[in-house]
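Working notes for the structure below.
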Amino acid sequence: MRLPDRLKRPPMGLRVAVQKIWPRHRRWVKAHGCCVPNCQAQSVDFAHLRSAANAGKGEKPHDIFGVSLCRVHHDEQHRIGADAFGKKYLIDLWALAAEFTRQSPDWEMRASLKLVHAAEIGDG
């Protein structure tokens, strides 16, 4: 009887890259309206929220940090930052991103995360 091949594990301290892009989740988020109350825009982007903890320089954050914003609000959110944007429009973008993730039909993405509470996803 032959044993299965031995697994090759990465050296200590190195982690296997986490899949960050989930196309089904992105499509589902973009199918919603803009998260800014009373915005009537029909075209919506998948907007990533950035913090010091969720993306390195030149990298996109994981798709769990995504919300639906129209192009105008997406550009503004990048210009002034997620926290200032949330204060201006009285919305919690981090909680919205967590809720999009929690309700996402992409069960493979949710399973890969072992979902955490909204407070643990945001940066504060």
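The values are calculated or read from the model by the stated rules, or taken from the named source; none is laboratory data. Predicted, not measured: the structure shown is a model, and the values here were computed from it. Here the Cβ positions follow ideal geometry from the backbone for every residue, glycine too, while neighbour counts run over all protein chains shown. Heavy atoms of the whole protein, side chains included, go into the accessibility calculation; ligands, DNA and RNA do not. Shrake-Rupley method; radii C 1.70, N 1.55, O 1.52, S 1.80 Å.
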- [ ] Tally the residues that are out of contact with any Ser or Thr (no Cβ under 9 Å at 6 or more places or on another chain) and surrounded by 18 or more Cβ atoms within 10 Å (Cβ to Cβ), restricting the search to the stretch 57-73.
- [x] 5
Open item on the list: Which of the numbered conditions does residue 106 fail, given that it passes all the others? Conditions: (1) modelled with pLDDT of 80 or more; (2) open to solvent by 50 Å² or more (accessible area, probe 1.4 Å).
Closed with: (2)
Open item on the list: Taking the criterion of being more than 20 Å from residue 42 (Cα to Cα), modelled with pLDDT of 95 or more and within 15 Å of the chain's Cα centre (by Cα), would at least one residue in the stretch 77-93 satisfy it?
Closed with: yes
Open item on the list: Residue pairs, Cβ under 6 Å, 6 or more apart or interchain, first in the stretch 89-101 and among the aliphatic types (A, V, I, L, M), second part of a helix (DSSP H, G or I). List them.
Closed with: 93/82; 93/86; 95/118; 97/65; 98/118; 98/121
Open item on the list: For residue 111, only one of the following conditions fails: (1) open to solvent by less than 90 Å² (accessible area, probe 1.4 Å); (2) in a helix (DSSP H, G or I); (3) at pLDDT 90 or above. What is its number?
Closed with: (3)
